[in-house]
Amino acid sequence: MLRRLPYRIQIPLGLALAVALSAFLVSVVTAHLTAARVHADIMSTVERVVAMLGEQGRPLLAQDDTWQAYTLLRSAATLLPAHHLGASRAALLDAHGRYLAGSEPKIQPTGEQALGTLSHGRLLPTPSDVTQPRTVTAQDGSLSWLQPVRSDDDEVLGFVLAEVDALAFAPNWWTLSRPALIGMALSLAVLVPIGWRLGRRMTQPIAQIARCIAAIGGDDPRAVRPRLPRVSDPELQRITGAVDRLLLELQARQAAAQRALAVERLAAVGRITAAVAHEINNPLAGLITVTQTLRLHSEDPTQRGRCIDLLERGLQQIRTMTTALLPQARVEERCLNEQDFDDVLTLATPQAEQHQVELSSTRELNARLCAPATVLRQVMLNLLLNAIKAAGPNGRVSACLSADTSKLCFFCCNTGQHLSNQALASRATSTAGDDPQGFGLWICHEIAVRFNGQFYSVSPDELSPPFVTGLFFSIPNQRRHDPQAPVTD
Amino acid sequence: MTARVGYPVVFVARETYRSVLDLLFSDQLDAAWICGYPYTLYRSRLNLISTPLYRGRPVYQAYLINNGRPESPIRGWVDLKGRVLAYADPLSNSGWLVAQSQLRSAGLGARDLRRGFFARGHRNVAEAVASGLAHAGCIDGYVWETMRRQGMAAAHQTGVIWRSPWYGFPPLVSRLGASDGLIARLTEALLGMHRDDQGQALLDALNLSGFAAPNPALYESIAAMARAVQPASV
């Protein structure tokens, strides 16, 4: 947990703990040394008090003067250790061992027998056993001093009794530890603010670097770099230098990305322009052929009407395509019908004849068609023209329009060089703009994606010879086209 | 007092009446405030100057006090058997003589007490009882009441369990043969003390209300009691 704290807290806390630990150890050692010294001091003090009471109490014992003995004991007892805690007391006993007076009369009742009785857990000897000064020790460490008081003719006038309870011998931890605690408090008062300042001074540049690193990805690197701290410490200089280099590289990368984006935007504009031109150019080629036909067979009303209808639908396709490229435009779309498939075949036939390609078609329509006609006409025309180009002279192209209740499919295969699915995906998603052939495929791919359909290259194993390349396009059937639906790039 | 008497007045305090009497009889004192009992003992050698008025009367009572606790077993003189009794002074009426008379009346002798001792003063009697040194004490009622009035702890830690009949208040006396003029001026100053503010302040401090003219008859009851207790003494 300590390691999770910031340095500005760790350092003063560590200093405080070190000081506290030192104070604790010093107090423990001092307590042991002092306890032994205190015991000796207590013994010495009590012996002196007993000696003094023996001298001054002699006339009082001789006169049986309880009051004077009491006043003497009351004063002398204050010299005994821990007297203020009630842990020590003194008394003068008469020759029979009864209290003449005690410093604490309530626990040393005047006139009551003291010697030969149990006093505070200590069995005191009988008067005849106290011929010399002696001590009585209890199990809890408390002590009783007894000293006979004799007259000039060596008669026993009485006894001095001093009692010290175990409490007086117990180390006074507060007194023992007070110097260390005061020293510790003073040390902490100085060290904690110093440690705080040191910790903050030490971590300030690190925190600033951390804030700069956190800003990477969010703020502009050019705005972040000036916020890096100027440090003199070699280690911090290395960190700051590394972050600065990182910011420089990021700055350069962002500039390159912006340039690439600009180029990409220009390329996208170019692709759209090329696509528009390509999409318009395809029907235009067919329409030109129709005009030639119209010129040659204008006198035949049936042929003329058919050509005019073809021209109208072709122009309508161009109009729809250009309008559809405007995202804001709302186009009234109709469903595909078999006539559209015929139109596409008609438009592609001149190109096939030009390239000496045999064009055949089939249809398997098992459900009502309901798919955007313009889009599908564009897809079918694109795929047919691409297949014709791919098939080359004397090649063959086959187109099949099929539909069931769930989807509408257009399958176009040719005898040209095989186009793998991977190559198709590469061309369909190419953004380089260096593959003009890919524009049509790209348009097909985008339409498939936009209408939740499929567009892929069929494996050669699944094709009937002599066809080697087959492109399969499908979109859901019986579903109205929503011209406002977003186009996925 | 010096201004009133016209003679330098010095107050001297001693622990015991014996010490005071020794100074008086050795002509080291001109006058003394002693107990009625030593006055009756040495009436032939003493001249009665005046008797203080306590609460307006020249009489007082002796008290028997205990530690003041309701659970104290000492409720009267009879209960003192096997107990420790503190006396004030061997020449004190309230602090010794009355106690001897009452103990005798209770059928108790000196040996029936566990211990009896003199505390050298009435105030010390109260302290001895309060501290537990003695179970009971014989004290001058005027001194005990004055101690309580002055807020002394020893008085508040003790309680009165017996009050004596009224006795003549401890008088001011002089040695026979002392200067008549001096004693007359002293008597006049004492009797007139309550008439001025300074004197009244002194009386208030002493818890007295004034001084009365000498009346030896006041102390007859003490003398009678002394004769009863110690026939040979008076």
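Is one or more of the residues making up region A:165-185 under 29 Å from B:V84 (Cα atoms) and part of a strand (DSSP E or B)?
The answer is no; no qualifying residue exists.
When you check A:L80 against the structure, is it in contact (Cβ under 8 Å) with a residue 60 or more places away in the chain, of a type outside the set (V, I, T) and away from chain B (no Cβ under 14 Å), yes or no?
In short, yes.
I'd like the full set of residues that are hydroxyl-bearing (S, T, Y), in contact (Cβ under 8 Å) with a residue 40 or more places away in the chain and within 28 Å of B:D204 (Cβ to Cβ), limited to region B:1-58.
Selection gives B:Y7, B:T16, B:Y17, B:Y37, B:Y39, B:S50, B:T51, B:Y54.
Just to be sure, is A:L85 closer than 23 Å to A:L72 by Cα, of a type outside the set (D, E) and surrounded by 21 or more Cβ atoms within 10 Å (Cβ to Cβ)?
No; evaluated as a whole, the condition is false for this residue.
In the set B:L85, B:L97, which member is modelled with pLDDT of 95 or more, away from chain A (no Cβ under 14 Å) and under 18 Å from B:W162 (Cα atoms)?
One residue alone meets the criteria, B:L97.
Answer with yes or no whether B:N207 is over 22 Å from B:E145 (Cβ atoms), within 19 Å of the chain's Cα centre (by Cα) and polar (S, T, N, Q).
no
I'd like the residue in region B:56-103 that is part of a strand (DSSP E or B) and among the small types (G, A, S) and, out of all such residues, is nearest to the chain's Cα centre (by Cα).
Applying the filter and picking the extreme gives B:A62.
For region A:52-67, what are the residues that are surrounded by fewer than 20 Cβ atoms within 10 Å (Cβ to Cβ) and in contact with a helix residue (DSSP H, G or I) (Cβ under 8 Å, 6 or more places away or on another chain)?
Listed by number, the residues that qualify are A:M52, A:Q56.
Would you confirm whether or not region A:277-289 contains a residue that is modelled with pLDDT of 80 or more, in a helix (DSSP H, G or I) and among the charged types (D, E, K, R)?
no
If I go through region A:270-320 residue by residue, how many of them are within 59 Å of the chain's Cα centre (by Cα) and of a type in the set (D, E)?
1
Here are some conditions: (1) under 15 Å from B:Y63 (Cβ atoms); (2) within 14 Å of chain A (Cβ to nearest Cβ). B:S131 meets all but one. Which one does it not meet?
(1)
Considering region B:148-173 alone, what residues qualify as being assigned to a loop (DSSP other than H, G, I, E, B) and among the β-branched types (V, I, T)?
Within region B:148-173, just B:T158 meets the criteria.
Return yes or no: is A:D340 closer than 23 Å to A:A277 by Cα and among the charged types (D, E, K, R)?
yes
Checking the condition loosely packed, with under 15 Cβ neighbours inside 10 Å, closer than 30 Å to A:F439 by Cβ and of a type outside the set (S, T, N, Q), which residue from A:A252, A:A260, A:A223 passes?
A:A260
Which residue is surrounded by the most Cβ atoms within 10 Å (Cβ to Cβ), if the candidates are limited to region B:118-174 and must be in contact with a Pro (Cβ under 7 Å, 6 or more places away or on another chain) and farther than 21 Å from B:S209 by Cα?
In this case the residue turns out to be B:L133.
The values are calculated or read from the model by the stated rules, or taken from the named source; none is laboratory data. Please read all numbers here as calculations on a predicted model, not as lab measurements. Positions of Cβ are backbone-derived with ideal geometry, glycine not excepted, and every protein chain shown enters the neighbour counts.
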